[in-house]
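First comes the structure, then the notes that go with it.
The values are calculated or read from the model by the stated rules, or taken from the named source; none is laboratory data. Please read all numbers here as calculations on a predicted model, not as lab measurements. Virtual Cβ from ideal backbone geometry, glycine too; neighbours counted across all protein chains shown. When the accessible area is computed, the model is the full protein with side chains, heavy atoms only, and any ligands, DNA or RNA have been set aside. Shrake-Rupley method; radii C 1.70, N 1.55, O 1.52, S 1.80 Å.
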Amino acid sequence: MSQLIEPVARLIDALARLPGVGPKTAQRLTYHLLRAPDIEARALAAALIAVRDDVVYCERCFDFATGPLCLICSDPARDDSRLCVVEEPLDVLAIERTRAFRGRYHVLHGAISPVDGIGPERLRIRELIDRADARASVGSPIDEVVLATNPTLEGEATAMYIAERLAGRVGAISRIARGIPVGGDLEYADEVTLVRALQGRQLVEGAAER
């Protein structure tokens, strides 16, 4: 990078820090922007600034939003009796593409991982419990919570922890079926696989009896 002028080197370095973007891809993107029309580069810069300035977390489900509530939480047509718990906002998009689930969501923003120092307190689990308790307190408990965490060791541990905490607070607790391969991420799954996983979800053993 020593022979590059400072603004170019800085942009390459910034792009290379993005997930899935290596040094060579960062260089190609940078030189594309240098050759692109001024309006294209400025539009990209404006979009990046808007994402940082205008996007916040939904106060209810913790998906991304531009106001107090996200589009799904603001939609009166959604089924309030069913709640799908996912690890990341990208997982919401993946499930929404299937059109197989019309309930609400709750985004944890991660999974329990003791190796990485991530415990339940680092996730939005307390807020999930509060949502369940709030519904139960007005005599309208959630009928079903679908645990759609990724089928990894961390995702499975998170699902079991949540199932234990929600037992007795909601009507039923289900886990998405093994249509998703172990070790895979929801955001990379195709729509048919996700539909089968949602349709084949199963109750978490022991959770309903408590």
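Taking every protein chain into account, the 1.4 Å probe leaves Val51 with about 80 Å² of accessible area, to the nearest ten. Result for the chain in a Gaussian network model with C-alpha springs under 10 Å: among Ala172, Ala36, Ala148, the largest mean-square fluctuation is at Ala36. Here the Karplus curve 6.51 cos²θ - 1.76 cosθ + 1.60, taken at θ = phi - 60°, turns the phi angles of the stretch 190-198 into couplings of 7, 5, 5, 4, 5, 4, 5, 5, 5 Hz, with x standing for Gly and Pro.
Evaluating 6.51 cos²θ - 1.76 cosθ + 1.60 at θ = phi - 60° for every residue in the stretch 20-25, the Karplus couplings come out as x, 10, x, x, 5, 5 Hz, glycine and proline recorded as x. Convex hull volume per residue, computed on the Cα atoms of the stretch 133-210, equals 93 Å³.
Beta-bridge orientation, the stretch 74-173: approximately 10 percent antiparallel, per DSSP, counting only bridges with both partners inside. For the stretch 171-180, the Karplus equation 6.51 cos²θ - 1.76 cosθ + 1.60, evaluated at θ = phi - 60°, returns couplings of x, 8, 10, 10, 10, 4, 6, 7, x, 8 Hz by residue, with Gly and Pro reported as x.
Taking the Kirkwood radius as the inverse of the mean 1/r across Cα pairs, report the Rg/Rh of the stretch 1-72.
With Rg and the Kirkwood Rh in hand, the quotient comes to 1.13.
Cβ-Cβ distance of Gln199 and Asp80, R₀ of 22 Å, FRET efficiency by 1/(1 + (r/R0)^6): the value works out to about 0.60.
Residues whose amide H lies under 5 Å from that of Cys84, counting only those 5 or more places away or on a different chain, are Arg104, Tyr105, His106, Val146; hydrogens are built 1.01 Å from N in the peptide plane. Here the extension length gained between Ala50 and Leu71 equals 5.8 nm, from 0.36 nm per residue of separation less the Cα-Cα distance. Inverting the pair-averaged 1/r between distinct Cα atoms of the stretch 104-152 gives 12.2 Å as its Kirkwood hydrodynamic radius. In the P(r) worked out for the stretch 15-113, what percent of Cα pairs fall beyond 16 Å? For the stretch 15-113, the fraction of Cα-Cα distances above 16 Å is 69 percent. Consider all pairwise Cα distances in the stretch 122-176 and report the whole-number % of them above 14 Å. Tail of the P(r) past 14 Å holds 52 percent of the pairs. Heavy-atom accessible area, probed at 1.4 angstrom with all protein chains present, ranks Asp116, Asp75 as Asp116, Asp75, highest first. Computed across the stretch 53-102, the Kirkwood radius stands at 11.5 Å (inverse of mean 1/r, all Cα pairs).
In the chain, Cα pairs under 8 Å separated by at least six residues give a relative contact order of 15 percent.
For Ile173, the residues whose amide H sits under 5 Å from its own are Val145, Val204, ignoring neighbours fewer than 5 places away on the same chain, with H placed 1.01 Å from N. State to the nearest 20 debye the size of the charge dipole of the chain about its Cα centre, where the only charges are +1 on K and R beta carbons and -1 on D and E beta carbons. Magnitude of the dipole: close to 220 debye. Relative contact order for the stretch 1-94: 12 percent, from Cα pairs under 8 Å spaced at least 6 residues apart, divided by residue count. Extension gain for the segment Gln3 to Ala136, taken as residue separation times 0.36 nm less the Cα-Cα distance, is 41.5 nm to one decimal.
Cα centroid separation, the stretch 11-34 to the stretch 132-210: 38 Å.
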